[in-house]
Every structure is written in structure tokens, then in C-alpha cells.
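The values are calculated or read from the model by the stated rules, or taken from the named source; none is laboratory data. Please read all numbers here as calculations on a predicted model, not as lab measurements. Every residue, glycine as well, gets a Cβ built from its backbone with ideal geometry; the counts of neighbours run over all protein chains shown. SASA here: full protein model, heavy atoms, side chains in, ligands and nucleic acids out. Shrake-Rupley method; radii C 1.70, N 1.55, O 1.52, S 1.80 Å.
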Amino acid sequence: MAKHSAGKCMRMIGCMAGHRVKQLEVKTWTTSGQSRLRLVEVVIAQPDATSAVHSPCSSLSKHSHSPSKQHMHTDEDALNMEYDDNAPPVEPLQLPRKKTQNDYIREWLPHKEEFMRVLLELEAPPDPQNCIKRTQTGAQLQLGHIGAACLSDPSNANGTGGPVKMNAPEWEDVDDVPPHMRRPVGSKYLTVVDVTGVHFIPVRWCQCEAAESFRLQLLRAKLFPATFEKPSTAFTFAVLDDFVRDNLECGTSGMNYYSKLRRVTSGVFPHLVPDRYRELLRVARQWQLLKLLKWNGFLRCEQAPKKGELGLFCAACPQPGINVDLAEDLDHWKYTRTLVMDGNFKAEHMHNRRPADQVWLMDGHGFMVTDPDYQTYLKATPHITEKSACNNHKAINQANAQRGRLHSTRIGAMACARHRCFYPHSVVDFQKGERQLNMDYSLANALRYNMTGINCVLCFYDINCSYMKNLHTRVRNSAFIDIPDSMQIMPGIRMWHVHGHKQECYARYAPLFMQGAGWVDGEIIETLWSLLNIASTSAWGMSSPHRQELLDFQISDCNFMKMIRMVDSLIQKLTTARVAVDMAKRAFKTLDEAVSTTQHDTWTYQEQVAFRDRMVDPSAMDIFEVQMRKAPTVHTVELEFLNNITSSRAQHGMGSWLTRSLRLEEVAITLCIDYRNRLLSEQSSFIADATIYIGLQQDAGGDWNPINAEGSEQWDGRCMSDRYLSDAEDPNDGSDETLTADTTDLGGIATLPLPSNVGMAAFHSCNSGCLRDMELRLWIGQANDALNGLQLALVDKAVVFQNVIRNPSLGCRNFTRLIGFEPKQCETVGWKEEQLLTAEFQWTINYFNYRAVQWRTCHSECDALGASCYAARQIAVYERLSEHAKLKQQSMSLKYIPTSMDIDASDV
């Protein structure tokens, strides 16, 4: 309804010490042309005349008898001010403070149980009802009588139940508002926000003596009121569900979603649609809380969730008392709990505008930790900067990064390393960077979640080589976190990150060398961040409670989607594992047959010792490193000769001289190959053409080599050596011809005067017999250089084969993993992965059965029909998941093992 101010008349109605009270008359017109007059009382502070400072050029009477305009709202107010000396003193009016979002939520919290009760009642089969009634003037909402008009309503006293007759002039388009956006006049209406747009619907409340409150009447019509005393705006359940789905799947923010609704309402005039964006944010928070309470079985008022109880966890991870029997041997390697910890660098959060005015709806009940306890821990725990002995890493270098404009620089979390499920009550905020004290708090909370009886944990972290060194010391020095001393935490580094560490970190922390890890790479949490980053960007400017609820709901939905798809994921992994196990067994058999019994026993013993001592000394795992020193190259041998001149009889520079000989021989061989492949071919072609041009005939088997034709000696290394031997018989002959190369040989290739060519007799006479050993070592270095070049060529061919020739869909990932295994790892990791997946399949079935039993218990305790119907539907959901898993188990020829977790409904 548009309003236009026509005039103002202000008069003084009273005064008191230091204040004046004036009454302002404001006249407005409605869209129907009717005028309204409103009286508004305003208190104006009056300056003290004794303390007023006057200018020398100003008039004293002007300041003492006339109110200063600086205390008026406008100049017009000062002109229309009239004094009434006979008016009684009036107390200063305290104008009401405008309610904030948190004020409305505080009003709603005492009525949370009422809302939950009505929502559960709506889960019962609906009665035939239609609350929307069509009239001559449009749609009308009837509440309280299953769509019928309330006879207690004065407007329905005649029994017609119709609305008050509205005059035609009142629908005149005064403000150029489109017809479908005009507000009804002459009857109470409700602003209803739906997926189809924003609507103004006349509403008839039930006014019977035993009628429920207006808010509950709206709830029964599946309308969520934005306020509670006098609701004027309501959101349909459909629009709230649609907003939640858009936020989960598309990361749509509240502002973008409501902007879409405004365009749906009016594509041409969206700016004329009422703005209910703030109301949408507030109601969505309440809606998500009620959803989480209902999904997790908190249907009764006396039930209150504890830490992490509003979040689902992994169905395939061992949880004693839930999917694993407490009577089993929980120290077995297959009951090892795996987790990966990491920080998200994009989940930033701005400072709160009103830190003292916050309302927490589910603080610590989901996946983020309880804020007051966490803040107390941070204030009491000093940050100790530890220098890493490994390579520099981003997580360490940015531990003290300052972001003054941010309340939280990022978040840290724990997730299941095998199935991508977040741990409840383990997500923490980072105040500066990724500091150890933040991750300690997250790890300690994750290790308390359903871990009764489990004492072995595999923990993957980017910087575990530094982080785990003093973990137990930091925990013992803190009074706020606790990790049992009996719990063995085996540190690991994710596969992609471990290659950025020092070489010794690979065997010590790579998951390939960890019993109970199976085939995991530890990088699975990166895929979770990519999903969470879509929605976390819209939480930058939210209040801390609102941001916490948004992240909790996002993570809860992420875990739920993993749970319902867990069986198919395990089937895919198990199928791949069975194929890879056969490949691993064949590869291991080939390697095992090539070693002796002594080597086999020695390696087995070394493996047992390494796994036994790795928790105390990680360097025990160095035995799995490739025990091969790099063979010495020619350059290395030459440097060694130069360094050992004093201890050798060799003359200075003799090693370098021999090295030159090897290079010359390499060049000679290259020229010889080039001669054989090119020059002889050209010569043969030339001689064949001689029959055409000069008429010469070549006999069969004849040789046209001009050197042989002239009777000269054919090139032969042995002949050249013989000549050198004959020339070197006289050691006193100092002519240069003794060591001169015969340049008449083929291609100018000469036989070099080396001990292997000339003979040792010539060198013994000159006291240079050590040249033989030096030449032999240089030959070995030359061979090592050639082998190294061959290895590089094979690597290049392997890369081309892997990326270009081989089809990636043929299981190359498993083949690549097997390449890095030691012989024993090829045998153990494969079949342990298959055994672990088989156990996880059984644990998943047990988890579904456990949840079904929980809902059966809830169903038996429910008195209301709606709550019983909802519990029955949840039972059907988990029973269907369990039956689906059992069918898949049979198709994979897996044996179903009944346990004490399988409880029949009749036993409840």
C-alpha cells in the first residue's frame, strides 16, 4: 500500500529538564485515495542556556528565546513549532528499537517444540481438505476448519463465509502497480512466498474459543510464518525445500534465490515485488534445524542432541556397538580406523558486526565444534612454532599468516580416508593459519567419536613427518583435549604430497607401506573441499552461528549421499581389487622365484622388524627403500683419480688423459657406424652406376673398395695394434711416429695407444703399469653412463606407452600402483584390500540394520500418529538399503555373516 505524505504540523505539548516533547501530525493517502492522519510524539534534547557559548556578534535574545534549528529535524519543523505553556510535564518517549534477525529467532526458540509437533503431525495421512477457497474477488485462505469458514468470525456471521465487500475504486491502479501485484484492500491479507512467486492472499483465521494460535494455524496449512505475534508473511514448505535443494546442489545464496523469486513474480517489474530476503534467511535457519532434528530421530521434546549427534557418519567404518560387535577382537588390523586431516583455504569468514548479539541454534551438535569450548581452548593454549626438518611446506609457512579483516582464515576437518565421510564435531576454524593447536583440537574430537575398543588409527596429513613428533606432548600439556595413551596413531602422508617431501619420507609415511590402509591415496578430502567451496563462498558475510549451521547442513547432506551410495561404491572397489589381486600375485610369483631362499627369509625378517619398530622409530621403514647406490660414472672416476694423485704412482693428469681416450674412441665408433651406414651405401651405388657410364663390369662377389683394389691393408683394429706393438718394441726410440695415428685408415679412424690396444709390455717398461686398472675403471664408468642413458630412454618410452598407447579404461591405475610396490607389498596389499572390502560390506549392512532398529524403538515409543508414520517410513528406508546391500553381497559371492547386530523387530 503506497503512502504519500501531504503535510506536517508540529507543536510543543510539554517540556521537562533538558528535553522538549513535540507532536508531529503526518497526513498520508492510501492507493484508494483515502487520507489518514497520524500523530507522532518526538522527544528533542534541549540545550542548557547557561552552558551555551554565544558568539560576540550574535544576539543573546535570539539564542535564549528561540529553539536552535540544530535540534530540529527540518527547517519546516522549526517554523511550525508552537508552545503550549499550560501542557503538563511529559516523560521522555523511548522509541522502540527495531528488531533484529536475532530478536525474532529468540522469540521463536521457546516455540520450537510446537513447530516440531505440528510438522510431525503433518507426516500422517492427510485428511481431504483444501484451505484455499476461490471467491469472486480471488483466492482466499481459510484456516482452522479444514478449509471451511470459521463461524466465530464476525464477517461470517451471516453464514456466507465470504469476505467483506470491497469497493471497486479501491482497486484503482494509483501507483502504476501491475494487477497481479496489488495488495487486497478491505480484508486482511498474507504475503505468501512460494516457488511460483510472491502472492498477496486474503486470510481468514479461526477465531473459535479453543482455536490454536495464528502461527500454528499457518503451519497446519504448510505455511511457515516469518513472525509469531502477528504474522504477515509466510513461506510455503515447498519454497523452503526448494531453497535448501538449490543451496545444496547449486550453491545458490539466499539473495540470489530470492532475486529469482522476484523475477518469477514479475519479469518486467521485479523491483516492485516486496523484499522478504531477510525473512527468508531467518526462516531457512529454523527450517534446517527442524529438518536435522527430525532426520536424526529427536522427535520428542525431552530429547536433546549432544555433541555431533545431528550428523551422520560413515556406514562402512568400524564403529563398535553400532556395526561391529564389541566382543570381537578389535585389535585386529582390519578394525583400524583411518582418517585424513586437512585445511580448506577458501572457507573464509568476515568479522561479525555484532559479536555480542548472537543466537546459536545447534552449536556443536553437528560437524563444527562447540564455539565457547573451542575459544576457551585457544585462549589457554600457546602456539609453539616448530621448524620442520623436511622440505618447506605451505601448511607450515603460513601457520602465522595474519588476516586482519577476517574472523576465520579457513577451516580444518577430519574425514574418513577410505569412504569420504566427515567426522562429526571435528570441523574447526583457523584464526591465523593452519596451526598445530587447531588441528590438535580437531583430531582429539574425531578420535572420541564411536571409538570404544579401537586402539589403532591411521592418520594422513600433509606434514605428518613434523606434526606427529610432539603430538602426545602437546596433548598431555592441555587440560581441554585428551587422546588415550593406549591409542596407537600411525602417521602417514598423502600420496600426492609425499613426493614433495624428502626421499626418506616415502617409505616411512606413504600409505602403500601401512598395514590396514588398503589401496588408499589419502587425497580423498580434496574432492570434499571442491563440493563445500561452492556454498562456503556465500557464508563469508554471515554471522558465526548462521555460517556454522550452513556448513553443518552441507556436510550432513554430503555424508548422507555417501551413505546411500556406499554399497555401489564398495562393489566397484571390490571388482577392481579382485582383478588387481591376480595381477599382484603373478607379479610377486615371478619376483619370488628369482630370489634365493636365503634372500626370501632375510627379507621376511626385515619386514617384520620394520613394521614392529616403525611406531617408535620411523627410520625402521627405510629398509623398503631401493638399496642401490648409483654406479660411478666416467666423470666420478676421473674426479677420484684427481683426488688420489698423492697415493698413486700415476702421474698428474693421467686420469684425464685416459678419459680423453675414451671420448676419442666413442667418436671413432660413431664415425665408423656412420661410414658403414652411409658411405658404403653411397659407394656401392656409385660403383653400380659405373657400368652405365664407363662400361666396367663387376664380378660376382668382387670388391670395388679402392683401398683393397690398390692392395692396401684393410682396416682392422688388431692389425693396427700389432703395428703399435712392433713400433713400441724400442722404448728408447723417441720419435713421434711411435704414437702417431695412421690417418690412412678408413675415415681417419686410428687405434689409440692404450694398454688394451698396445699391450702392457710397453707400459711396464716405462713404469706405468697402473694404467691398466685406471682404464678398466673408466670403462666401467663409461658402461654405467650408457646404462643410465638406456634407463632414461626406457622411462620416456614408458610415459608414451602409458599416456598415448595404453587405454586408461583398462585398469592402468592399479597397474601403476603395483609398479611402486616392493615384492612383499605386491602380495600383501592386494589380498588385504579384498579382505578389508569384504568386511566393510558386512559393516555397512550392520549399520543399516542398526539404524532400522533405532527407528523401530522410536516407533514403539511414539504416541502421536504423525510421529509413528514418520518413524515407519524411516524403518522402510533403512530396511530397503539393507536388502539392497544383501542382494549385492550375494551377486559378488560374498558370505553373509549374521552377528548380534541383526535384531529382529519382534525382539524390540
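The combined condition, being acidic (Asp, Glu) and surrounded by fewer than 19 Cβ atoms within 10 Å (Cβ to Cβ), is fulfilled by Asp582.
What number of residues within region 347-365 are surrounded by 15 or more Cβ atoms within 10 Å (Cβ to Cβ) and within 18 Å of Phe430 (Cα to Cα)? Number satisfying all stated conditions: 7. Flag: Ala587 matches the condition of being of a type in the set (Gly, Ala, Ser) and open to solvent by 10 Å² or more (accessible area, probe 1.4 Å). For Arg337, the conditions (1) open to solvent by less than 20 Å² (accessible area, probe 1.4 Å); (2) charged (D, E, K, R); (3) in contact with a helix residue (DSSP H, G or I) (Cβ under 7 Å, 6 or more places away or on another chain) are fulfilled apart from (3). When the criteria are applied in full, Asp592 fails the requirement of being in a helix (DSSP H, G or I) and open to solvent by 60 Å² or more (accessible area, probe 1.4 Å).
Of all the numbered requirements in (1) under 24 Å from Arg873 (Cα atoms); (2) more than 30 Å from the chain's Cα centre (by Cα); (3) aliphatic (A, V, I, L, M), Ala234 misses one, and that requirement is (1).
Could you check, for region 258-269, whether at least one of its residues is at pLDDT below 95, assigned to a loop (DSSP other than H, G, I, E, B) and under 25 Å from the mean Cα position of the chain (by Cα)? No, the conditions are met nowhere in region 258-269. If you go through region 521-540 and pick out every residue that is in contact with a strand residue (DSSP E or B) (Cβ under 6 Å, 6 or more places away or on another chain) and either at positive phi or among the acidic types (Asp, Glu) (or both), you end up with 1. Out of Ala650, Ala631, one residue alone is open to solvent by less than 80 Å² (accessible area, probe 1.4 Å), hydrophobic (A, V, I, L, M, F, W, C), at pLDDT below 80 and under 30 Å from Leu512 (Cβ atoms). It is Ala631. Number of residues in region 471-507 that are acidic (Asp, Glu) and free of Cβ contacts under 8 Å to residues at least 12 places away in the same chain: the value is 0. Residues that are at pLDDT below 85, over 24 Å from Ala517 (Cβ atoms) and in contact with a helix residue (DSSP H, G or I) (Cβ under 6 Å, 6 or more places away or on another chain): does region 367-375 have at least one? So far as region 367-375 goes, no, none of its residues is at pLDDT below 85, over 24 Å from Ala517 (Cβ atoms) and in contact with a helix residue (DSSP H, G or I) (Cβ under 6 Å, 6 or more places away or on another chain).
Listed by position, the helices (runs of 4 or more DSSP H) contained in region 423-539 that have at least 3 residues being over 30 Å from Val626 (Cβ atoms) and modelled with pLDDT of 85 or more are 436-446, 471-476, 524-536. Examine region 550-566 for a residue that is in the same structural domain as Glu504 (by the TED database) and acidic (Asp, Glu), and state whether such a residue exists. The answer is yes, given that some residue of region 550-566 is in the same structural domain as Glu504 (by the TED database) and acidic (Asp, Glu). If only one of Ser530, Ser543, Ser569, Ser486 is surrounded by fewer than 19 Cβ atoms within 10 Å (Cβ to Cβ) and under 25 Å from Lys291 (Cβ atoms), which one is it? Being surrounded by fewer than 19 Cβ atoms within 10 Å (Cβ to Cβ) and under 25 Å from Lys291 (Cβ atoms) holds for just one of Ser530, Ser543, Ser569, Ser486, which is Ser530. Out of Asn455, Asn464, one residue alone is in contact (Cβ under 8 Å) with a residue 12 or more places away in the chain, out of contact with any Lys or Arg (no Cβ under 6 Å at 6 or more places or on another chain), surrounded by fewer than 19 Cβ atoms within 10 Å (Cβ to Cβ) and over 19 Å from Phe367 (Cα atoms). It is Asn455. Scanning region 250-301 for residues that are closer than 25 Å to Asn533 by Cα and of a type in the set (Gly, Ala, Ser), we see that the one that is most open to solvent (accessible area, probe 1.4 Å) is Ser259. Scan region 262-299 residue by residue and report those that are in contact (Cβ under 8 Å) with a residue 40 or more places away in the chain and of a type in the set (D, E, K, R). The answer is Arg262, Arg276, Arg278, Glu279, Arg282, Arg285, Lys291, Lys294.
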